[in-house]
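A quick write-up on the structure given underneath.
Nothing in this text is a laboratory measurement; each read-out follows from the coordinates by a stated rule. Fair warning: this is a prediction, and the values are worked out from it, not measured in the lab. All Cβ positions, even for glycine, are placed from backbone atoms using ideal geometry, and neighbour counts span all protein chains on display.
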Amino acid sequence: MHQIPGLYITDSAERGRGVFTSMDISEGDLIEVCQVIKISKAQLPVIHKTILHDYYFLWGEHMDECAIALGFGSLYNHEVHPNANFILDFENETIDIVAIKNISAGSEVTLNYHGAPGDEEPLWF
């Protein structure tokens, strides 16, 4: 697992827990490489009946599977205009978190759950 020093989990205003940084992060920096637990297409309906429903990423060439990101991967909060993005690496079975803006020490690191920064589609929860 790769993770920059200074990442930590704490309460995020009205969003439960979130991932924060105690050091400045520059645009383009690799923040974290999260190993994943892959979950098959056949098991995906089961996830919808559990708490894991709010923590999985769509996965696979046809996006019909899912994966739970280890490390801090499944704990990043949603933001329409986030400061980081995620890259699904099917070959290495990782989700890479990369800064798309400079992030100041003490700030929350956020992702757009839909994958594309600026995507305003309503969330499922």
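Here are the numbers:
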item	result
Residues with amide H under 5 Å from that of E65, placed H, sequence gap 5 or more	W59
Quarter of the Cα convex hull surface for the chain, i.e. its orientation-mean projected area (nm²)	7.5 nm²
Residue of T94, T50, T110 that the Gaussian network model of the chain assigns the largest fluctuation, springs spanning Cα pairs under 10 Å	T50
For T94, residues with placed amide H under 5 Å, excluding near neighbours	D89
Whole-Hz couplings from phi, Karplus 6.51/-1.76/1.60, listed for the range 104-111; x for Gly and Pro	7, 3, x, 8, 7, 8, 10, 10
For the range 2-111, with +1 on Lys and Arg beta carbons and -1 on Asp and Glu, the positive-most of G106, T50, G71 along the dipole	T50
The chain: calculated mean residue ellipticity at 222 nm from DSSP helix runs of at least 4, using -39500 (n - 2.57)	-500 deg cm²/dmol
Charged-residue dipole, Cβ positions (Lys, Arg, Asp, Glu), the range 2-111 about Cα centre, Debye nearest 20	360 debye
Highest-MSF residue in the chain out of G106, G71, G16 [GNM, Cα springs under 10 Å]	G16
Theoretical gain in end-to-end length, V80 to I47 [0.36 nm per residue, Cα-Cα removed]	9.4 nm
Inter-label distance, nm, simple model (7 Å from Cα along the C-beta direction), K38/R17	2.7 nm
Integer Hz, Karplus 6.51/-1.76/1.60 couplings in order for the range 31-46, x for Gly and Pro	7, 7, 10, 9, 5, 10, 9, 6, 10, 5, 4, 5, 8, 4, x, 5
